[in-house]
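Written below as C-alpha cells is the structure these notes are about.
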Amino acid sequence: MSLCQSIDTLAMAFLDDELVVEERRELELHLLTCATCRHHVDSERAELQLVRKALVAPPASDLLKARLAGVLDREDRDAARAGRRRSLAFVGQWLLPGAATLVAAAAILMFVMVRPPDPAAVGSVTQDAVRQQTRSMPLEVQGASTGPWLREHFAPVEPPQFTEPGIDLVGARLTSVAGHEAALLKYRVSIGTNQFTLTAVLIDGMRRDGLSGGQAIKVGDRTLHVHNANGTPAITYVDEHGMGYTFAAERLSPQELLELVVSSDLIGRAQQGR
Ligand SMILES: [Zn+2]
C-alpha cells in the first residue's frame, strides 16, 4: 500500500507524534514531493489546532472576579461617601468582606458551582430566548439612543445598566419570544484583552413563574433563576411589572454570569419600583 493511500491514518499519527523515527522520516520525505498528502496533513493540522483552541478553558474567570471585587470596593467607598445609593449599598452588602451576608452569598455561589443546572428543567420560553440570543441578527438601534428607542417602540423600561466598567450597551432590536413581544439588547464586555458579548432579552407580559426552572437563587428579596439551555448558561428574572429578563453570555460560567447580572442595576431598580 502506498503512503498516499494510508495518508488518513498516517497524518493523524504524525500530528499526534505517534510514528516511530523511521516512519516519521519516510513520511516527511514523501511530503516533500507529494502535494496531495502535504495538503492533507496541513488541513488536518489546522483542524486539530481549532479543536485544541476550543478546548482551552474559558477566559480569565479569576481576572473577572478580581476586577468585580475591585469595582465593588470602589463603589462601596463612593457610596459611603455619597450617602449610599440604594443599589450600590445592596451590591456592597452582598459581596463586601465582613458583611454578614457574605457567607450566604458564598454559599449561593458554591451551590451554583457544584451543582450545574439541569438542562431538562429549562422552560420553553427561556429556551426560545436563549436561542435568539445566540443568533446574530442586525440591531435596529445603536448607542446612546437605545434607551429612548426602547421606550418608544417596546415598553416603558430602562435598559439594565452595569456598575462594572467595560460593559457597554451596543444596541437593541425588537423580536418576539414564545409569542410575547420582546427586545434583544446587546452589550460589549471588555475585560483585559478579552472581549465578548452579553445579551439581555426583555420579554413583556410574563407571568411571575414564566421564566422559572433551573436553579432558583435568592438575592435579597429577589429570585433569579440559573439555567443551562443547551450548554449556554442563562440567568432569568421576572420583575413585579411582568417584564421578564433573560441574560446570556458567550464563554462565561453560570457563576460568572450571575455575578455580572447581580452587578447590574436591575435588582436595585426593582426594589425601588422601576
Ligand atoms: Zn502522497
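Just so it is clear, none of the values below were taken in a lab; they were calculated from the coordinates. The shown structure was predicted, so the numbers you read here are calculated from the model rather than taken from an experiment. Please note: Cβ atoms are built from the backbone with ideal geometry, for glycine as well, and neighbour counts cover all protein chains shown.
Quick one: net charge of LEU139's neighbours, Cβ under 14 Å, K/R +1, D/E -1?
On the way: positive: ARG135, ARG173, LYS186, ARG188; negative: GLU140, ASP168.
Counting the neighbours of LEU139, the net charge comes to +2.
Which whole-Hz couplings ³J(HN,Hα) result when phi for each residue of region 212-218 is put into the Karplus expression 6.51 cos²θ - 1.76 cosθ + 1.60, θ = phi - 60°, listed in order with x for Gly and Pro?
With the stated coefficients, region 212-218 comes to 6, x, x, 10, 7, 10, 7 Hz.
Students often check this: by mean Cβ neighbours within 10 Å, which of 172-178, 127-133 ranks highest, and how do the rest follow? All intermediate terms of the calculation are to be shown ahead of the outcome.
On the way: 172-178: 19.1, 127-133: 22.6.
Peptide ranking by packing, descending: 127-133, 172-178.
Please list 3J(HN,Hα) in residue order for region 141-156, calculated via the Karplus relation 6.51 cos²θ - 1.76 cosθ + 1.60 where θ = phi - 60°; whole Hz, with x for glycine and proline.
Along region 141-156, the couplings run 8, 9, x, 5, 7, 4, x, x, 4, 4, 5, 6, 9, 10, 6, x Hz.
Between THR175 and residues 5 or more places away or on another chain, which pairs have amide H atoms under 5 Å apart, with H built 1.01 Å from N, and which residues are they?
ALA182, ALA183, LEU184
Based on Cβ point charges of +1 for Lys and Arg and -1 for Asp and Glu, what charge dipole magnitude is obtained for region 1-50 about its Cα centre, in debye rounded to the nearest 20?
The dipole magnitude comes to about 200 debye.
How large is the dipole of region 117-272 about the Cα centre if only Lys and Arg carry +1 and Asp and Glu carry -1, each at its Cβ, rounded to the nearest 20 debye?
It comes to approximately 220 debye.
Read phi for every residue in region 126-134 and hand back ³J(HN,Hα) as whole Hz from Karplus 6.51 cos²θ - 1.76 cosθ + 1.60, θ = phi - 60°, with x for Gly and Pro.
Couplings: 4, 3, 5, 4, 5, 4, 4, 5, 8 Hz.
Going by average Cβ density within 10 Å per residue, which order do the peptides 217-226, 251-260 take, highest to lowest? It would help to have the intermediate numbers written out before the result.
Working: 217-226: 17.6, 251-260: 20.7.
The densest-packed peptide leads the list: 251-260, 217-226.
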